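Let me begin by presenting the structure, written as structure tokens, before commenting on it.
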Amino acid sequence: MRAAVHQAAGTITVEDVPDAALVEPTDAVVRVLRSCICGSDLWSYRGIIDRAAGSRTGHEFIGVVTDVGAAVGTVRPGDLVVAPFAWSDNTCPACQDGVHTRCDNGGGFGAPGSDGGQGEAVRVPQADGTLVAVPGGPDGVDDALLPALLTLSDVMATGLHGAVLAGVEEGSTVAVIGDGAVGLCAVLGARAVLGAERVVLMSRHEDRAALGRTFGATDVVAERGEEGIAAVRELTGGRGVRHVVEAVGTPQSWEMALGMARVGGRVGAVGVPHTSPEIPLFPIVRNHLTVSAGIAPVRKYLPDLIERVMDGRLDPGAVFDLTLPLAQVADGYAAMDERRSIKTMLAG
Ligand SMILES: [Zn+2]
């Protein structure tokens with residue numbers, strides 16, 4: 001089969017690799033229908049973090065189950081499934097606590113020794129705990145819904161998790177830092193899923209801000225740093241905002257998040273730090289802030305989000321603004337690296 005392979009920073013190729021196959025009785029094999037490139041894939045592409053040469057890439061995919069191990073009971077060949085970016089057993093103490101991304105038997109697609117999502121097929125460990133079938137199956141689901149379903153494997157669920165960590169609820173006023181796919185999906189999650197009334201999106205890119213508005217952002221602030229903080233405070237009667245979603249993970253974004261939070265407010269952070277931002281403790285203590293952070297346990301949200309996409313209450317599919325065949329995956333990385341694409345989908 002064909003799959004994308006990380007050769008070196010800046011170099012992704014498509015190679016012939018061994019066919020995805022069952023190894024453990026708890027495995028399934030999924031033929032990939034759609035996959036995509038994640039903002040986090042760019043960290044190794046840009047050489048900011050190391051990645052083993054020859055490792056597979058991609059961790060977001062939906063597809064059709066083609067084979068299951070003897071111990072798999074919840075999905076069967078022919079099912080259309082959404083895979084979270086990390087596999088989990090859904091039964092261990094961590095999963096029971098809702099922290100599937102720290103599952104005792106978990107792991108991530110594209111990690112050494114595992115298949116990546118940017119390929120023709122994927123071996124999925126812990127299939128029962130990981131995969132969620134879409135009602136109707138591949139023949140019952142309109143192709144037009146596939147992009148929306150694909151976002152559930154990471155960015156939509158991750159954005160929503162940020163809003164959940166920030167304590168967003170019906171009627172909330174929220175600020176979202178980060179206008180990448182996760183930040184944009186946090187806007188949508190805060191509004192369409194959690195019922196926020198007002199969402200301020202921090203964005204200085206016209207295309208991203210426009211998509212943010214269609215996802216429900218009521219205000220867009222282009223300024224950054226102290227000016228950005230001041231602008232958000234001005235929009236909120238000088239007091240700051242009660243719920244802040246931090247979807248970047250840099251020292252600058254953390255500084256903004258803590259600076260614009262209202263006294264007694266909450267910061268929900270899903271931006272994965274690839275450097276080591278030092279979080280100042282004093283403003284957190286002085287301003288009575290709650291800071292919650294975590295790599296999103298996507299699996300926990302999948303059943304509900306699949307239902308919302310299928311009945312039309314949630315449509316994050318527009319986050320994909322470029323679609324390429326797997327053979328052109330390198331062009332997709334370049335397009336996202338150069339910010340010509342918010343998020344690139346791979347189809348066929
Ligand atoms: Zn677990």
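Please count how many residues of segment 75-112 are more than 11 Å from the ligand (Cβ to nearest atom), within 27 Å of Gly348 (Cβ to Cβ) and out of contact with any Phe, Trp or Tyr (no Cβ under 6 Å at 6 or more places or on another chain).
Qualifying residue count for the region: 14.
Checking the condition under 27 Å from Val291 (Cα atoms) and modelled with pLDDT of 95 or more, which residue from Glu120, Glu169 passes?
Going through Glu120, Glu169 in turn, just one is under 27 Å from Val291 (Cα atoms) and modelled with pLDDT of 95 or more: Glu169.
Would you pick out the residues in segment 113-131 that are within 15 Å of the ligand (Cβ to nearest atom) and touching a Leu at 6+ places or on another chain (Cβ under 8 Å)? Full working, then the answer.
Filtering segment 113-131 for residues within 15 Å of the ligand (Cβ to nearest atom) gives 124-131.
Across segment 113-131, the qualifying residue is only Val124.
Given the criterion open to solvent by less than 50 Å² (accessible area, probe 1.4 Å) and farther than 23 Å from Thr344 by Cα, identify the matching residue among Asp27, Asp41, Asp19.
It is Asp27.
So Ala20 ticks every box in (1) modelled with pLDDT under 95; (2) part of a loop (DSSP other than H, G, I, E, B) but one. Which box is left unticked?
The single condition Ala20 does not satisfy is (1).
Somewhere in segment 156-170, is a residue more than 19 Å from Val270 (Cα to Cα), within 16 Å of the ligand (Cβ to nearest atom) and surrounded by fewer than 24 Cβ atoms within 10 Å (Cβ to Cβ)?
No - not one qualifying residue is present in segment 156-170.
A quick yes/no check of all residues on (1) within 14 Å of Ala3 (Cα to Cα); (2) open to solvent by less than 20 Å² (accessible area, probe 1.4 Å); (3) not hydroxyl-bearing (Ser, Thr, Tyr):
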| position | (1), (2), (3) |
| --- | --- |
| Gly63 | no, yes, yes |
| Gly69 | no, yes, yes |
| Thr74 | no, no, no |
| Leu80 | no, yes, yes |
| Pro93 | no, no, yes |
| Asp104 | no, no, yes |
| Gly107 | no, no, yes |
| Asp115 | yes, no, yes |
| Arg123 | yes, no, yes |
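What number of residues in segment 182-203 are open to solvent by 10 Å² or more (accessible area, probe 1.4 Å) and either closer than 23 Å to Glu307 by Cα or among the acidic types (Asp, Glu) (or both)?
Count: 8.
Inside segment 310-348, can you point out the residues that are out of contact with any Leu (no Cβ under 9 Å at 6 or more places or on another chain), more than 20 Å from Ala133 (Cβ to Cβ) and part of a loop (DSSP other than H, G, I, E, B)?
Glu338, Arg339
Just a yes or no: is a residue in segment 2-11 under 20 Å from the mean Cα position of the chain (by Cα) and either within 16 Å of the ligand (Cβ to nearest atom) or closer than 27 Å to Gly159 by Cβ (or both)?
Yes: one or more hits.
Hey, among the residues in segment 1-16 that are among the aliphatic types (A, V, I, L, M) and surrounded by fewer than 17 Cβ atoms within 10 Å (Cβ to Cβ), which one's nearest to Asp115 (Cα to Cα)? Step through it out loud before you land on a result.
Within segment 1-16, the subset among the aliphatic types (A, V, I, L, M) is 1, 3-5, 8-9, 12, 14.
Add one more test, that the residue is surrounded by fewer than 17 Cβ atoms within 10 Å (Cβ to Cβ), and what stays is 1, 8-9.
Numbers: Met1: 11, Ala8: 18, Ala9: 19 Å.
That would be Met1.
Conditions (1) small (Gly, Ala, Ser); (2) over 16 Å from Ala86 (Cβ atoms); (3) over 19 Å from the mean Cα position of the chain (by Cα), marked per residue:
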residue: Ala121; (1), (2), (3): yes, yes, yes
residue: Pro125; (1), (2), (3): no, no, yes
residue: Asp143; (1), (2), (3): no, yes, yes
residue: Ala148; (1), (2), (3): yes, yes, no
residue: Leu152; (1), (2), (3): no, no, no
residue: Val155; (1), (2), (3): no, no, no
residue: Ser172; (1), (2), (3): yes, yes, yes
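The values are calculated or read from the model by the stated rules, or taken from the named source; none is laboratory data. All figures in this text were calculated on a predicted structure; none of them were measured in a lab. Cβ coordinates were reconstructed from backbone atoms using ideal geometry, including for glycine residues, and neighbour counts include every protein chain displayed. Keep in mind that these areas ignore ligands, DNA and RNA; they rest on the heavy atoms of the full protein, side chains included. Shrake-Rupley method; radii C 1.70, N 1.55, O 1.52, S 1.80 Å.
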